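The values are calculated or read from the model by the stated rules, or taken from the named source; none is laboratory data. Fair warning: this is a prediction, and the values are worked out from it, not measured in the lab. Here the Cβ positions follow ideal geometry from the backbone for every residue, glycine too, while neighbour counts run over all protein chains shown. Each accessible area value is taken on the protein alone, full model and side chains, heavy atoms only, with ligands, DNA and RNA left out. Shrake-Rupley method; radii C 1.70, N 1.55, O 1.52, S 1.80 Å.
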Amino acid sequence: MGSDASWYLRFSRTDRQVFWVSPGVVPQLENALYVETDWTLTMQPVGEYVRAEFVRKRRP
């Protein structure tokens with residue numbers, strides 16, 4: 001999933017994408033920000049998973 005996240009961000013028509021992942025995938029999600037720089041990432045641990053939310057930055 002982590003490596004696919006940048007594809008979801010690149011072709012998304014929405015301004016928000018939420019992924020539920022295992023903690024081992026978190027570094028891959030963080031790396032997606034180097035490719036898709038128009039997004040911010042917030043993460044919240046929920047039980048044994050991590051809720052990762054990407055939000056598109058507002059354009060000036």
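Things worth noting here:
- Restricting attention to the range 1-11 and to residues that are open to solvent by less than 90 Å² (accessible area, probe 1.4 Å) and modelled with pLDDT under 85, the residue that is nearest to LEU33 (Cα to Cα) turns out to be SER6.
- For the range 13-29, the set of residues classified as in a helix (DSSP H, G or I) and in contact (Cβ under 8 Å) with a residue 24 or more places away in the chain consists of PRO23, VAL25, VAL26, PRO27, GLN28, LEU29, listed by residue number.
- Among the conditions (1) open to solvent by less than 50 Å² (accessible area, probe 1.4 Å); (2) at positive phi, the only one that GLY47 does not satisfy is (1).
- Scanning the range 21-34 for residues that are within 12 Å of VAL50 (Cα to Cα) and surrounded by 12 or more Cβ atoms within 10 Å (Cβ to Cβ) gives VAL21, VAL25, VAL26, LEU29.
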